[in-house]
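Enquirer: I have a structure here, written as structure tokens, and I will follow up with some questions on it.
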Amino acid sequence: MLLARHPDIRITRQLVGREGAPLLVIDNLLADPERMLRKAATRHYVKQSSMFPGIRAPAPVSYQSFLEATLNPLLRECFDLAPGRFVFPMCHFSLVTQPPATLHFLQRVPHIDSVSSGGLATVHYLFRGAWGGTDFYRHRHTGFEYVDESRHAAYFERLAQESDKDAMPRVGYIDGDTPLFERVASVEGVFNRLIVYRRNALHSGRIGNDRVLPSDPMQGRLSINAFIDVVT
């Protein structure tokens, strides 16, 4: 499957929150995103054992090569990383399908994907309609907007304490400020938009609590989610 960049690709660089975490937003990524949608419709999706609240299927290997060619030139300027070979611990079509009432505590608060400052995550929105985007957060008690190895123990110890208190988040997906977290940035889920951020940033998908989440990739909250490690 040969993939090409859109002729009108647009790249925006941002700094998020007080701690200035880098965020890359790329609009009009694929020249033919409909082709990727058709590929997604042929995949077999399975429930994940991870915290992801939905089902996933492997994305084409060609998509990984496409991301490497597109993102590598931007790494030094955007993330202070030297360009290098990409390793993909994960690269999946993802569909959020879990009903809000069934989420456990850690699925109702922002999360990190790893503590590494060099690890990147990408979300490529492949849905149309108001299925939400991605939000970034600050933990109110600690002030942390990212959690690296030096912060890990203190952050999760405090979070465990807060899970037993009156400030415990309400049932459902988080969407904005809560007693425990403050939203510091928000990205809309626009069709064929890709965002890139460090995996240790506190973030969450913005997912409505008032709609049924379809398991049909052509109708639901479809994205391609990838984790990237850069080997120099």
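Enquirer: Taking amide H positions as placed in the peptide plane 1.01 Å from N, state which residues far from Phe181 in sequence (5 or more) or on other chains have amide H under 5 Å from it.
Expert: Answer set, sorted by chain and number: Arg140.
Enquirer: Which whole-Hz ³J(HN,Hα) couplings does region 15-27 yield from phi under the Karplus relation 6.51 cos²θ - 1.76 cosθ + 1.60, θ = phi - 60°, glycine and proline marked x?
Expert: 10, 9, x, 5, 8, x, 5, x, 9, 10, 10, 10, 9
Enquirer: Follow-up. Which of Lys47, Lys165, Lys39 ends up with the largest GNM mean-square fluctuation for the chain, with Cα atoms connected below 10 Å?
Expert: Lys165
Enquirer: Moving on. Just to be sure I understand: with springs between alpha-carbon atoms less than 10 Å apart, which residue in Ala154, Ala57, Ala21 has the highest mean-square fluctuation in the Gaussian network model of the chain?
Expert: Ala154
Enquirer: For the chain, with the dipole built from +1 on Lys and Arg beta-carbon atoms and -1 on Asp and Glu ones, taken about the Cα centre, which of Gly133, Pro58, Phe156 lies farthest toward the positive end?
Expert: Pro58
Enquirer: Could you work out how far the C-alpha centroid of region 198-216 sits from that of region 117-166, in angstrom?
Expert: A separation of 12 Å, based on Cα centres.
Enquirer: Among Asp80, Asp32, Asp164, which one moves the most in a GNM of the chain with springs linking Cα atoms closer than 10 Å?
Expert: Looking only at Asp80, Asp32, Asp164, the biggest GNM fluctuation is shown by Asp164.
Enquirer: When the convex hull of the C-alpha atoms of the chain is computed, what volume per residue in Å³ does it have?
Expert: Values: hull volume 27.3 nm³, N = 232.
Dividing the Cα hull volume of the chain by its residue count gives 118 Å³.
Enquirer: Treating only the Cα positions of region 168-223 as identical point scatterers, give the base-10 log of I(q)/I(0) from the Debye formula at each q in 0.21, 0.25, 0.26, 0.28 Å⁻¹.
Expert: Calculated log10 I(q)/I(0) at the listed q: -1.05, -1.26, -1.28, -1.32.
Enquirer: Separate question: When the helix-only estimate is applied to the chain (DSSP H runs of n ≥ 4, each -39,500 (n - 2.57), divided by the residue count), what is the mean residue ellipticity at 222 nm, nearest 500 deg cm²/dmol? It would help to have the intermediate numbers written out before the result.
Expert: Numbers: 4 runs with 39 residues, N = 232.
One gets -5000 deg cm²/dmol as the mean residue ellipticity at 222 nm.
Enquirer: Could you provide, to the nearest whole Å², the per residue accessible area of the chain with probe 1.4 Å? All intermediate terms of the calculation are to be shown ahead of the outcome.
Expert: Numbers: 10690 Å² over 232 residues.
About 46 Å² of surface per residue is accessible.
Enquirer: For labels at Gln219 and Thr12 in the simple 7 Å Cα→Cβ model, what's the distance in nm?
Expert: 3.1
Enquirer: Roughly how many percent of the accessible protein surface of the chain is carbon and sulfur, given a 1.4 Å probe and a whole-percent answer? Could you put the intermediate results ahead of the total?
Expert: Numbers: 5430 of 10690 Å².
Ligands and nucleic acids excluded, carbon and sulfur reach 51 percent.
Enquirer: Can you list the trypsin sites (Lys or Arg not before Pro) in region 65-128 that are in a DSSP coil and have 16 or fewer other beta carbons within 10 angstrom?
Expert: Values: sites: Arg76, Arg85, Arg108, Arg128; in loops: Arg108, Arg128.
Answer by residue number: Arg128.
The values are calculated or read from the model by the stated rules, or taken from the named source; none is laboratory data. The structure presented is a predicted model; accordingly, all values stated were derived computationally and were not measured. FYI the Cβ positions are ideal-geometry reconstructions off the backbone, even for glycines, and counts take in every protein chain you see. When the accessible area is computed, the model is the full protein with side chains, heavy atoms only, and any ligands, DNA or RNA have been set aside. Shrake-Rupley method; radii C 1.70, N 1.55, O 1.52, S 1.80 Å.
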